[in-house]
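Only one structure is covered here, and it is reproduced in the block below.
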């Protein structure tokens, strides 16, 4: 299994539906306030659309792909601010009621991820929700040193100063959105700032 390259992110965006990810649908129920949301790895803005639909007042959408501008143009909504950059270049200077990181954080190398995670946690408002996934060590992409793979102890340690609302370890064989065979090892999470 090869990591999604810059060449096939476009193919991925065409294949994935515009429906929000199921974990975000579950997580949004825990969001007490809906002022600011951050969508990390916003891609085709499928989750950003859902945040708008659920009455968030402003969404910052961060993704390094050039396609994000086209998706934003199609959406044409003044409540969205687009940041085309990597997560480690993003400022995290606002306070968010919800931070959504669906299948995006594992695509950072471990050093950068552990620099960004404290910034994510610090930028959450009290009772703010953080949701997303980490890849486990048995994931078939785990030889890719530009990505991060965690064991269950490492994954749970990330939430030491947060309240873990939902944590589910999933392991299965399947296909990626673009049809490649893959062994998935994923930790799905919803956490809340105390």
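If you check 34, 55 for being free of Cβ contacts under 8 Å to residues at least 40 places away in the same chain, in a loop (DSSP other than H, G, I, E, B) and more than 21 Å from residue 167 (Cβ to Cβ), only one passes: 55.
Of the residues making up the stretch 121-171, just one is crowded, with 17+ Cβ neighbours inside 10 Å, free of Cβ contacts under 8 Å to residues at least 40 places away in the same chain and part of a helix (DSSP H, G or I), namely 155. Residues that are in a strand (DSSP E or B) and over 27 Å from residue 144 (Cβ atoms) within the stretch 89-120 comprise 96, 97, 98, listed in sequence order. Checking every residue in the stretch 84-95 against the condition of being within 18 Å of residue 45 (Cα to Cα), surrounded by 19 or more Cβ atoms within 10 Å (Cβ to Cβ) and either in contact (Cβ under 8 Å) with a residue 40 or more places away in the chain or out of contact with any strand residue (DSSP E or B) (no Cβ under 9 Å at 6 or more places or on another chain) (or both) gives at least one match.
The numbered conditions (1) at pLDDT 95 or above; (2) more than 25 Å from residue 44 (Cα to Cα) are all true for residue 143 except (1).
The values are calculated or read from the model by the stated rules, or taken from the named source; none is laboratory data. The model shown is predicted, which means the values in this text are computed figures rather than measured ones. Heads up, the Cβs are rebuilt from the backbone with ideal geometry, glycines too, and the neighbour counts pull from every protein chain shown.
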